[in-house]
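For reference, the structure discussed in these notes is given below.
The values are calculated or read from the model by the stated rules, or taken from the named source; none is laboratory data. Note that the structure is predicted; figures quoted are calculated from it, not measured. Because the Cβ atoms are built from the backbone with ideal geometry, glycine has one as well, and the counts that use them run over all protein chains shown. To get the accessible areas, we keep the full protein, side chains included, count just its heavy atoms, and leave off ligands, DNA and RNA. Shrake-Rupley method; radii C 1.70, N 1.55, O 1.52, S 1.80 Å.
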Amino acid sequence: MNLVLLGPPGAGKGTQAHYLERDFGLKQLSTGDMLRAAIASGSEIGKQVKATMDAGKLVPDAVIIAMLQERIAQPDCKGGFILDGFPRSLTQAEALDKMLAARGLSLDAVIEIRVDDQFLVERITGRFTCGKCGAGYHDRFKPTRQAGVCDACGGKDFVRRADDNAETVRARLQVYHSQTAPLLPYYRAKGRLRTVDGAGEMDMVYRQISGVVKALPGG
Ligand code: ADP
Ligand code: ADP
Ligand code: ZN
């Protein structure tokens with residue numbers, strides 16, 4: 001099964017993708033994580049995209065499409081995957097259709113996690129992750145059980161993303177509405193779009209999403 005999680009920055013795509021990985025054996029593919037890894041490794045691509053990401057704009061379609069194409073060819077994607085943060089433009093959506101068709105694959109569903117903009121700035125500015133194991137947290141909505149200690153691995157170093165500040169979030173929301181939201185009618189017309197309410201608590205959102213996935217053929 002191959003899914004897309006679609007939604008604005010902070011909607012909960014990464015959070016929900018982890019639950020789906022755990023329960024359905026699907027592989028999460030986050031293009032944002034891939035790009036941040038490219039920056040951290042000091043690679044040529046990382047150097048090219050850093051300023052664009054810091055400004056909250058989309059990196060060029062050609063760069064991201066090539067990156068994803070290579071990723072889905074890896075053996076760990078054979079059991080199905082969850083695209084988190086891709087596609088983000090119509091050009092990317094069309095490229096995805098082609099690359100899946102070339103491998104005899106298709107999308108089973110595109111799940112839109114809908115959250116009003118007014119809630120997203122707080123979601124994003126409170127986000128942090130464990131520097132050791134990558135577990136995700138939130139200052140208010142998902143604090144660590146013990147202050148300063150990762151629940152999952154006991155790690156004590158946490159990281160905040162350079163682009164998770166109030167100013168850049170506003171730019172990212174604008175980009176979402178102008179460049180990514182056109183994917184909603186695109187997938188609706190293909191009969192693939194399912195929308196869930198992302199405003200409630202994490203497990204309430206997941207209940208809706210897992211319900212959608214279980215109702216799919218093979219789910
Ligand atoms: P995205 O991948 O869509 O940008 P994340 O999954 O990283 O979003 O979530 C953004 C932040 O909001 C994280 O700190 C996460 O812990 C928190 N969060 C995720 N879902 C919810 C929710 N339903 N209610 C409150 N906070 C949430
Ligand atoms: P979030 O889920 O919080 O919006 P991501 O980690 O998905 O953040 O993306 C962070 C940044 O990485 C984006 O603002 C953009 O600059 C870049 N990026 C990630 N995925 C794509 C994509 N599919 N196309 C273009 N740029 C992307
Ligand atoms: Zn940890």
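What to note about this one:
- Members of the stretch 12-35 found to be within 11 Å of Phe81 (Cβ to Cβ) and of a type in the set (Gly, Ala, Ser), listed by number: Ala17, Gly25, Ser30
- Residue count, the stretch 17-39 (criterion: open to solvent by less than 30 Å² (accessible area, probe 1.4 Å), more than 15 Å from Leu3 (Cβ to Cβ) and under 9 Å from the mean Cα position of the chain (by Cα)): 1
- A search for C-beta distances below 7 Å between a residue of the stretch 197-216 that is more than 20 Å from Asn2 (Cβ to Cβ) and of a type in the set (Gly, Ala, Ser) and any residue that is open to solvent by 60 Å² or more (accessible area, probe 1.4 Å) and in a helix (DSSP H, G or I), counting only pairs 6+ apart in sequence or on different chains, returns Ala199/Phe119.
- Just one of the listed residues (Ala166, Ala215, Ala199) is closer than 18 Å to Arg22 by Cα and open to solvent by 20 Å² or more (accessible area, probe 1.4 Å), namely Ala215.
- Boolean, Gly42 is open to solvent by less than 70 Å² (accessible area, probe 1.4 Å), away from ligand 1 (no atom under 16 Å from the Cβ), part of a loop (DSSP other than H, G, I, E, B) and over 20 Å from Val110 (Cβ atoms): yes
- Any pair with Cβ under 6 angstrom, 6 or more apart, that starts in the stretch 127-146 at a residue that is within 22 Å of Ala37 (Cβ to Cβ) and ends at one that is more than 8 Å from ligand 1 (Cβ to nearest atom) and acidic (Asp, Glu): Arg127/Asp164; Gly131/Asp157
- Any hit, the stretch 9-16, residues being under 17 Å from the mean Cα position of the chain (by Cα), surrounded by 17 or more Cβ atoms within 10 Å (Cβ to Cβ), within 16 Å of ligand 3 (Cβ to nearest atom) and modelled with pLDDT of 95 or more: yes
- Among the conditions (1) open to solvent by 50 Å² or more (accessible area, probe 1.4 Å); (2) closer than 24 Å to Asp117 by Cβ; (3) out of contact with any strand residue (DSSP E or B) (no Cβ under 6 Å at 6 or more places or on another chain), Leu183 misses just one, which is (1).
Here's the yes/no breakdown for (1) among the small types (Gly, Ala, Ser); (2) in contact with a Lys or Arg (Cβ under 9 Å, 6 or more places away or on another chain); (3) under 19 Å from Ser210 (Cα atoms); (4) without any contact (Cβ under 8 Å) to a residue 60 or more places away in the chain:
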residue: Ala17; (1), (2), (3), (4): yes, no, yes, no
residue: Leu29; (1), (2), (3), (4): no, yes, yes, yes
residue: Ser43; (1), (2), (3), (4): yes, no, no, yes
residue: Lys47; (1), (2), (3), (4): no, no, no, yes
residue: Met53; (1), (2), (3), (4): no, yes, no, no
residue: Val63; (1), (2), (3), (4): no, no, no, yes
residue: Met67; (1), (2), (3), (4): no, no, no, yes
residue: Ile72; (1), (2), (3), (4): no, yes, no, yes
residue: Pro87; (1), (2), (3), (4): no, no, no, no
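- The single condition among (1) away from ligand 3 (no atom under 16 Å from the Cβ); (2) in contact (Cβ under 8 Å) with a residue 12 or more places away in the chain that Ser178 does not meet is (2).
- Selection count where residues are out of contact with any strand residue (DSSP E or B) (no Cβ under 8 Å at 6 or more places or on another chain), outside any helix (DSSP H, G or I) and not acidic (Asp, Glu), scope the stretch 186-210: 3
- Counting only residues that are open to solvent by less than 40 Å² (accessible area, probe 1.4 Å) and within 10 Å of ligand 1 (Cβ to nearest atom), the stretch 141-156 holds 0 of them.
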